[in-house]
Each structure stands twice: as structure tokens, then as C-alpha cells.
Amino acid sequence: MSSSGRVAIVTGAGTGIGKAAALALLKDGWRVALAGRRPEPLAQVIEESGAGAAALAVPTDVADPASVRELFDAVVRQFGRVDLLFNNAGVGAPAVPIDELTIEQWKNVVDINLNGMFYCIQNAFRVMKAQSPKGGRIINNGSISATTPRPMSIAYTATKHAVTGLTKTASLDGRKHDIAVGQIDVGNAGTELAMRMAKGVPQANGEIAPEPLMDVAIVGQSLLYMANLPLEANVMFHTVMATKMPFAGRG
């Protein structure tokens, strides 16, 4: 499929995986709306891309349903439609024992990782059902925590497990509207947030051990592969991870 002129929304686009995805899509000829809470990083990504009018920064708080609706309305006003949503925005909580996690910390993760992702899916359905030609693609960022937890990560892991439920249900409900829904699960991409893993992070056996990382640009290429499929085909679950990270196996 030709990427020229197709329209994508990337949430959490100012840094990390979202930035890598936005840059990959822009380079491939997509028009991309970059959403995030802070306008400065969004502007920096657009400047780095050199994409000019093909890129649009829309400051957005995905935990606020009104802000999410305005994001989608702004993109339709600017570009006319939405062909792809990369539902990427997410946060973690401090790595503390379960009984020490505050209710506020728990709710913050749920508001962004779960509620925010739902608000984005809901608005994507609203727009994709009504546009002509109808349909589009939604790719949710699940993380490999959607399958296997790390120690002291109950809020993040619970929400990422829930993302899998969102993906499966939205995929089912999207069939009759030509909306394909899939999920990308990423492990140890070399973002600013993940760089601490190279210095050592807690393992399941209680040890602290460094973990290998992969170039975050690889995630952008994986996302691009999923995005460029024709709507008759869907990658429902795609895992991309640093080859030697501790994930499959015991320990």
C-alpha cells in the first residue's frame, strides 16, 4: 500500500517509542499528528523530522476524554481523516512493594494506560466509521508486561494485561467497520526511560542484573510494517524485543 497522504495519530509522540514511530511514519510518507502532554518535545520531533506540513503537534492529555476528542477533531480538520492510531502513551509507577504503592500512583497509571487508551480507541472508532472510505487501523502498545510481569510492577502490569483485552475486543468489534486492531509488545527498547536497565534492574529471583537493549528505531520499523498492511490483513500481536533479554524462560 502507498503511504503517501495517509494520516496517523501517535500518542506519547514526544519521546521514546512514540517518537521513533512518528519519525518512521513521517519518513515513509505518512501525515502524522503527534500527541503528548508537553508541546516542546513534540515540536522538537517535528523539527528533527524535517516533515514540515506533513506533521502536526497536538498537545493532549489522554487521561482527559475531552482532550482526546479534541485531538481527533483537530486531526480531521487538518488532514480530513484518520487511517492509523498508534495508541502508545503510557506511564509506570515507582517500583515499590504492593502495600507501599499509593492509591494516587495506582490511579494515575490506570487513568493513562487503560482509560486513556480506551478514550483513544473510542474516538478512533467514531472517526473511522464515519469517514469515506471508511475504516482504518489501531495499534495498541501493550509491552511484554502484557504477558509477563516484572517484580514490583502491579499497576503497570495490570493495565498492560488489560490492554490485551482492549485489543481483542476492539478487533472483534471493528470487523464490520473495516477497522483492524492489533498490538505491539516491546521489550527493552533503548529509550531514555529504559536506559537504567543497562545498569541493573531487579530480576524474578531477587538479583539485580543488567539487561541488554535494542535500538528504539527497530520498534519504529516494526510499527511501520504493521501500519502498511492492507486492511484485509492484521497482525493482532507482534512482539519485538532485545534478543538476549530475560523474558522467555525461568529466573
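Where a number appears in this text, it was derived from the coordinates with a stated rule and is not lab data. Note that the structure is a prediction, hence the values are computed from the model and not measured. Because the Cβ atoms are built from the backbone with ideal geometry, glycine has one as well, and the counts that use them run over all protein chains shown.
What to note about this one:
- Number of the condition not met by residue 7 [criteria: (1) of a type outside the set (Asp, Glu); (2) in contact with a Lys or Arg (Cβ under 6 Å, 6 or more places away or on another chain); (3) free of Cβ contacts under 8 Å to residues at least 60 places away in the same chain]: (3)
- The lone exception for residue 171 - which of (1) free of Cβ contacts under 8 Å to residues at least 24 places away in the same chain; (2) part of a helix (DSSP H, G or I) it fails: (1)
- Only listed residue being within 26 Å of residue 83 (Cα to Cα), in contact (Cβ under 8 Å) with a residue 60 or more places away in the chain and not in a helix (DSSP H, G or I), chosen from 219, 186: 186
- Top-ranked residue of the stretch 102-151 - restricted to ones that are of a type in the set (Gly, Ala, Ser) and more than 21 Å from residue 186 (Cβ to Cβ), ranked as farthest from the chain's Cα centre (by Cα): 132
- Under the condition of being exposed (fewer than 14 other Cβ atoms within 10 Å of the Cβ), touching a Pro at 6+ places or on another chain (Cβ under 8 Å) and on the phi < 0 side of the Ramachandran plot, the residues counted in the stretch 173-208 number 4.
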